[in-house]
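Heads up: the structure comes next, in structure tokens.
The values are calculated or read from the model by the stated rules, or taken from the named source; none is laboratory data. Everything quoted here is computed from the prediction, not taken from an experiment. Here the Cβ positions follow ideal geometry from the backbone for every residue, glycine too, while neighbour counts run over all protein chains shown. Remember, those area values only see protein heavy atoms, side chains included, never the ligands or the DNA or RNA. Shrake-Rupley method; radii C 1.70, N 1.55, O 1.52, S 1.80 Å.
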Amino acid sequence: MRIDILTVLPELLASPLNESILKRAQQKGLAEIRVHNIRDYTTDKHRQVDDYPFGGEAGMVMKPEPVFRCIEGLKAERSYDEVIYTSPDGIRYDQHEANRLSTLENIIILCGHYKGLDYRIREHLVTCEISIGDYVLTGGELAAAVIVDSVVRIIPGAIGDEASALTDCFQDNLLAPPVYTRPAEFNGWRVPEILLSGNFAEIDKWREDQAFERTRRLRPDLLTEEE
Ligand code: ADE
């Protein structure tokens, strides 16, 4: 999978994209992530990426020319399945959307900034607008990092233990059951006996019950959500 990210703050993305599972997925050739500085696609001497909004509102708006130039250049080299814009007014991101994106071949993520993008970019280039939650970030970079992290980690082969991604919290609309490691007793608190029993059918059932119970208590909305 290839992911091209357009931003005015490439430094913000460097660390989250180059550590741990994301780093290994790129080394293994499972994901190719390229970050493009929108400023490099300006042609004026001030390398201006934003301008005042028509109509006299407060804040600055991202100019269309550099964004079009960058995306059209990328599209000339390969076709893209989605051009995603990270924005608080996009559709709410969740595990189903992460699963869908992880099956795609090539995607572009355009990080929003300032007051927003010139609307012509959204009308004529963007195919999908994503919000990572109902709060406002200073820019779309952290949202892009969240999307890339959640997508790349579920590409088959990205996580050493394949089964691990499939039993993630949310994969079946349930929160994850509790997990424990050694020692079996710590500070007088014992690990649930069932986990030490070696009866794997019963352990699976216990985990399912726990997942359901925790979801009912903490996130009942997930139990009524459509698949
Ligand atoms: N940009 C600013 N806030 C955002 C959010 N909540 N989700 C995605 N992109 C954003």
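Which one of Ala184, Ala143 is more than 22 Å from the chain's Cα centre (by Cα) and either at negative phi or within 16 Å of the ligand (Cβ to nearest atom) (or both)? Before you say what the answer is, go through the steps one by one.
Values: Ala143 fails: more than 22 Å from the chain's Cα centre (by Cα).
Checking each option against the conditions leaves just Ala184.
Within 16 Å of the ligand (Cβ to nearest atom) and under 26 Å from Ile21 (Cα atoms) - does that describe any residue in the stretch 164-180?
Among the residues of the stretch 164-180, not one is within 16 Å of the ligand (Cβ to nearest atom) and under 26 Å from Ile21 (Cα atoms), which makes the answer no.
Are any residues in the stretch 193-227 open to solvent by less than 70 Å² (accessible area, probe 1.4 Å), of a type in the set (S, T, N, Q) and under 14 Å from Asn173 (Cα atoms), and if so, which ones?
Answer for the stretch 193-227, where residues must be open to solvent by less than 70 Å² (accessible area, probe 1.4 Å), of a type in the set (S, T, N, Q) and under 14 Å from Asn173 (Cα atoms): Gln210, Thr215.
Given the conditions (1) among the β-branched types (Val, Ile, Thr); (2) within 16 Å of the ligand (Cβ to nearest atom); (3) at pLDDT 95 or above, report the number of the one that Ile194 does not fulfil.
Only one criterion is unmet by Ile194, namely (2).
Can you give me the ranges of the helices (runs of 4 or more DSSP H) entirely in the stretch 89-162 with at least 1 residues that are surrounded by fewer than 21 Cβ atoms within 10 Å (Cβ to Cβ) and either polar (S, T, N, Q) or touching a Gly at 6+ places or on another chain (Cβ under 7 Å) (or both)? Show your work before the answer.
Details: elements: 95-102, 119-124, 141-152.
The qualifying helices (runs of 4 or more DSSP H) are 95-102, 141-152.
So, in the stretch 65-81, exactly how many residues are surrounded by fewer than 17 Cβ atoms within 10 Å (Cβ to Cβ) and either within 16 Å of the ligand (Cβ to nearest atom) or in a helix (DSSP H, G or I) (or both)?
Residues that pass the stated criteria total 8.
Is one or more of the residues making up the stretch 48-63 of a type in the set (Lys, Arg), open to solvent by 60 Å² or more (accessible area, probe 1.4 Å) and either in the same structural domain as Leu74 (by TED's automatic domain parsing) or under 30 Å from Leu104 (Cα atoms) (or both)?
Let us first name the residues in the stretch 48-63 that are of a type in the set (Lys, Arg), namely 63.
Filter again for open to solvent by 60 Å² or more (accessible area, probe 1.4 Å), leaving none.
No, the stretch 48-63 contains no residue that is of a type in the set (Lys, Arg), open to solvent by 60 Å² or more (accessible area, probe 1.4 Å) and either in the same structural domain as Leu74 (by TED's automatic domain parsing) or under 30 Å from Leu104 (Cα atoms) (or both).
Inside the stretch 96-117, can you point out the residues that are within 16 Å of the ligand (Cβ to nearest atom) and either at negative phi or not assigned by TED's automatic domain parsing to the domain that holds Leu9 (or both)?
If we filter the stretch 96-117 for residues that are within 16 Å of the ligand (Cβ to nearest atom), which is where we start, we get 97-98, 101, 107-117.
Passing the criteria: Glu97, Ala98, Leu101, Ile107, Ile108, Ile109, Leu110, Cys111, Gly112, His113, Lys115, Leu117.
Take Leu101 and tell me if it is modelled with pLDDT of 95 or more, of a type outside the set (Lys, Arg), closer than 18 Å to Ala31 by Cβ and touching a helix residue (DSSP H, G or I) at 6+ places or on another chain (Cβ under 7 Å).
Numbers: modelled with pLDDT of 95 or more: yes; of a type outside the set (Lys, Arg): yes; closer than 18 Å to Ala31 by Cβ: yes; touching a helix residue (DSSP H, G or I) at 6+ places or on another chain (Cβ under 7 Å): yes.
Yes.
Just to be sure I understand the filter: pairs with C-beta atoms under 7 Å, separated by 6 or more residues or on different chains, first member in the stretch 195-219 and within 17 Å of Thr167 (Cβ to Cβ), second member of a type in the set (Lys, Arg) and assigned to a helix (DSSP H, G or I). Which pairs pass?
Listed by first residue and then by second, the contacts come to nothing, as the list is empty.
If you check Asp40 against the conditions, is it modelled with pLDDT of 95 or more, of a type in the set (Asp, Glu) and assigned to a loop (DSSP other than H, G, I, E, B)? Before you say what the answer is, go through the steps one by one.
Values: modelled with pLDDT of 95 or more: yes; of a type in the set (Asp, Glu): yes; assigned to a loop (DSSP other than H, G, I, E, B): no.
For Asp40, the condition - modelled with pLDDT of 95 or more, of a type in the set (Asp, Glu) and assigned to a loop (DSSP other than H, G, I, E, B) - is not met.
Which residues, taken from the stretch 194-208, are part of a helix (DSSP H, G or I) and over 29 Å from the mean Cα position of the chain (by Cα)?
From the stretch 194-208, those part of a helix (DSSP H, G or I) are 194-196, 200-208; that's our starting set.
Result: Ile194, Leu195, Leu196, Phe200, Ala201, Glu202, Ile203, Asp204, Lys205, Trp206.
Pairs needed: first member in the stretch 35-54, in contact (Cβ under 8 Å) with a residue 40 or more places away in the chain; second member anywhere, outside any loop (DSSP other than H, G, I, E, B); C-beta distance under 6 Å; at least 6 residues apart or different chains.
Once the first residue is in contact (Cβ under 8 Å) with a residue 40 or more places away in the chain and sits in the stretch 35-54, its partners that are outside any loop (DSSP other than H, G, I, E, B) give Val49/Ile38; Val49/Arg39; Val49/Pro66; Asp50/Met62; Pro53/Val61.
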